[in-house]
Structures are given as C-alpha cells and as structure tokens.
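The values are calculated or read from the model by the stated rules, or taken from the named source; none is laboratory data. Model, not experiment: these values are computed from the prediction. All Cβ positions, even for glycine, are placed from backbone atoms using ideal geometry, and neighbour counts span all protein chains on display. In case anyone asks, the SASA skips ligands and DNA or RNA and just uses the protein heavy atoms, side chains included. Shrake-Rupley method; radii C 1.70, N 1.55, O 1.52, S 1.80 Å.
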Amino acid sequence: MTRAKPATDAGRSGQPWSVYAALTVVVLAIGVAVTLGVIKKNNPVVDTGPLPVSTVGQPGADSAACKSLMPHLPSELAGSPRRTIEGGGDGVAAWGDPAVILRCGMETPAELTCSSELTEINSVKWLQLPDDGLDATTYIAADRTVRIAVTVPTGTGTAAMGDLSSIVGTTLAARQPCRNGLLLPTDVE
C-alpha cells in the first residue's frame, strides 16, 4: 500500500528556497549600506558655502591668457571640490576648505627679479613668496605672459601645485622671465 505524503511536507519543500532568497536579499542590502557608509565617510561632501575672497590688484584678469586658462581649471583639485567665490571678481578660483586659491592676472611682486630663485613644478617656474605669518604658501608663476598666484594652505600637500602646474603648462606658453638682465613685462604691464 502506498502512502501519500502529508500536505505539510509538500509545503515545506518550498520554504527553504524562499528563506534563502530572503536572507540573500537582506545580506546584500546590508553590504550595500555598509559600502555606501564607508564611501560617504571617506569622501564627505561638505557644503561650506561661498568663499569670501578679498579683492587685490589683478590688472591682467581680463587678459587673453587668463581667459584661456580659467575654463581649463578643474571642478575638483587634489580631491577637493571647487568653491563658489564671493567677491574677488574674474580670474579667481578656489578648491577645498581651507581653500587653495588661484588668482590669474596678478601684478608682478617686488620679490620677483631676474636673480630670484625659482622652483620648477611640471615645467612651470614658480617664485615662492615669503610666509607672512599665514598658514599658507603663495607661489607666483614667473615664466608666463601673465602672473598667476596660487596660495596653498599649510598641510595641504603638493598634489594641488602639481595639478595646477600641469594645467598652466599645457594651457599657456612658457617664456623666459628675463631678457638681457631685465624682467619681461606681462601682457598688461
């Protein structure tokens, strides 16, 4: 005599599959949540608002060189997002907090002479200005037809200067800072 299986056994045969599927979905959801949490922690998006930038002499901000350079500046620099500028006018860009600030079309500083010691970074020659007690270092591009100042906060590292030097070097033609012992004027001098 053949016995029929109880109805409860037939119902149980489908349960392990649905339980395993539900557990898999839960484990995957937890894994995605943890991964997104780690990404958010390591790359926080902080909206610090517009960066107030004081106005300084930038007679070359409207020069052809600055108009050529500014559109090539990145939306992110050394892992920091570009900031909105409050004040400062054309020819100013900033990234991060504390901010790396680039100003294009600066006046030639008195510290830049034909005998100044220049630092070459990715084919651009920079004059490092003396630290005036600020927690930042300012560099002036000396070998372009326009003066570009980059102010880098202390502790920021060298990636920002390397990236900006590469952009300046590929966007603006190089030239010697001096000829016959005289500092060459910029496009606006």
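Observations, loosely collected:
- Qualifying positions in segment 72-107 - assigned to a loop (DSSP other than H, G, I, E, B), hydrophobic (A, V, I, L, M, F, W, C) and within 20 Å of residue 57 (Cα to Cα): 99
- Of the residues 188, 150, 168, the single one that is in a strand (DSSP E or B) and either touching a residue at least 40 places away in the same chain (Cβ under 8 Å) or within 27 Å of the chain's Cα centre (by Cα) (or both) is 150.
- For segment 169-186, the set of residues classified as polar (S, T, N, Q), open to solvent by less than 60 Å² (accessible area, probe 1.4 Å) and out of contact with any His (no Cβ under 9 Å at 6 or more places or on another chain) consists of 186 only.
- Test for residue 76: is it of a type outside the set (Ser, Thr, Tyr), at pLDDT 95 or above and either in contact with an Asp or Glu (Cβ under 6 Å, 6 or more places away or on another chain) or open to solvent by 10 Å² or more (accessible area, probe 1.4 Å) (or both): yes
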